[in-house]
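Before any comments, here is the structure.
The values are calculated or read from the model by the stated rules, or taken from the named source; none is laboratory data. This is a predicted model, so every value here is computed, not measured. Backbone-built Cβ (ideal geometry, glycine too); neighbour counts: all protein chains shown. We work out accessible area using only protein heavy atoms, side chains counted, and drop any ligands, DNA or RNA first. Shrake-Rupley method; radii C 1.70, N 1.55, O 1.52, S 1.80 Å.
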Amino acid sequence: MYDFPSYFIAIALLGLMLVVMQLGILVGKRRQARETEDSKNQANTVQGSLLGMLALLLGFTFSLSLGRYDQRSIEVVNEANAIGTAWLRTDLVADARRDDAKTLLHQYGLIRLETSQISAANDDERDKLIAKAEALFDSLWRLASTEAREISNPVTMGFASSLNDMIDALSARDAAVNRHVPELVLFLLFGTFILLGAVVGYSSAISNIRPGVPVYAMMILIVILVFLIIDLDRPRRGLIEVDQSKLLSTVAAMKF
């Protein structure tokens, strides 16, 4: 599902609901003469129950996708802070290795910023950038290890500790990017939405009432909510993007 654009899924869902609603109307018209008052009340009750279930699923799924979006935003700030802290602590590295430490860390920050700008269609390029960032971290860690062996004091250990926080932030951020709302939940949401369209059409037909403007307005509103849920759940695709300004400002401040 994540290979399809958010707007395409939303439009396809709206079109499918309109189709099944028309099918429900056709079936309802054929059965209209055989329906009793009790069966009509039953159809209306089922329609109300489906609306309640759909509202519950929409609320749950929206909360889930918004929570994941918030977590991704938090991880960007955490990584920017970790890189910024490591940058400040390079001033405590011995003169012989300070410039190398600053150069490597600056390159690391640039690569992490570039990684955040890679779209979902370029997963191979993103994997290459992550590999480059990990290689730069290995070089930084070797430098910190040499520093700790030659000058063993709390100051040098502080630089190594900041590097450890930095690689933890990288892992946490990449894990957050790849964490989505389970597709099974989305399929359940879509299935309930489509079934509701069929029941609305059927219930309207047996009651001899054409679906009015409020019905179509409700459908459009639900589709908009579904679009927002999908778009929030896709940090590298869609209209809603995670703010990278904190990381950008951190990298911009890394001057020496």
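The set of residues in segment 1-56 being in contact (Cβ under 8 Å) with a residue 40 or more places away in the chain, more than 30 Å from residue 240 (Cα to Cα) and not aliphatic (A, V, I, L, M) consists of 22, 24, 28, 29, 31, 32, 35, 39, 40, 44, 47.
When residue 76 is tested against (1) among the β-branched types (Val, Ile, Thr); (2) in contact with a helix residue (DSSP H, G or I) (Cβ under 8 Å, 6 or more places away or on another chain); (3) modelled with pLDDT under 90, exactly one condition is not met: (3).
Of the helices (runs of 4 or more DSSP H) contained entirely in segment 137-256, those carrying at least 3 residues that are buried (at least 16 other Cβ atoms within 10 Å of the Cβ), in contact (Cβ under 8 Å) with a residue 40 or more places away in the chain and hydroxyl-bearing (Ser, Thr, Tyr) fall at 183-206.
Listed by first and then second residue, the pairs with beta-carbon distance under 6 Å, at least 6 apart or on different chains, first residue in segment 73-91 and touching a residue at least 40 places away in the same chain (Cβ under 8 Å) and farther than 9 Å from residue 246 by Cβ, second assigned to a helix (DSSP H, G or I) and among the aromatic types (Phe, Trp, Tyr), are 89/159.
Take segment 88-115 and flag every residue that is open to solvent by less than 30 Å² (accessible area, probe 1.4 Å) and either under 19 Å from the mean Cα position of the chain (by Cα) or not basic (Lys, Arg) (or both). 90, 93, 94, 101, 105, 108, 109, 111, 112, 113, 115 - these are the residues of segment 88-115 that are open to solvent by less than 30 Å² (accessible area, probe 1.4 Å) and either under 19 Å from the mean Cα position of the chain (by Cα) or not basic (Lys, Arg) (or both).
Output yes when any residue across segment 239-250 is basic (Lys, Arg) and either more than 12 Å from the chain's Cα centre (by Cα) or at pLDDT 90 or above (or both), and no when none is. Among the residues of segment 239-250, at least one is basic (Lys, Arg) and either more than 12 Å from the chain's Cα centre (by Cα) or at pLDDT 90 or above (or both), which makes the answer yes.
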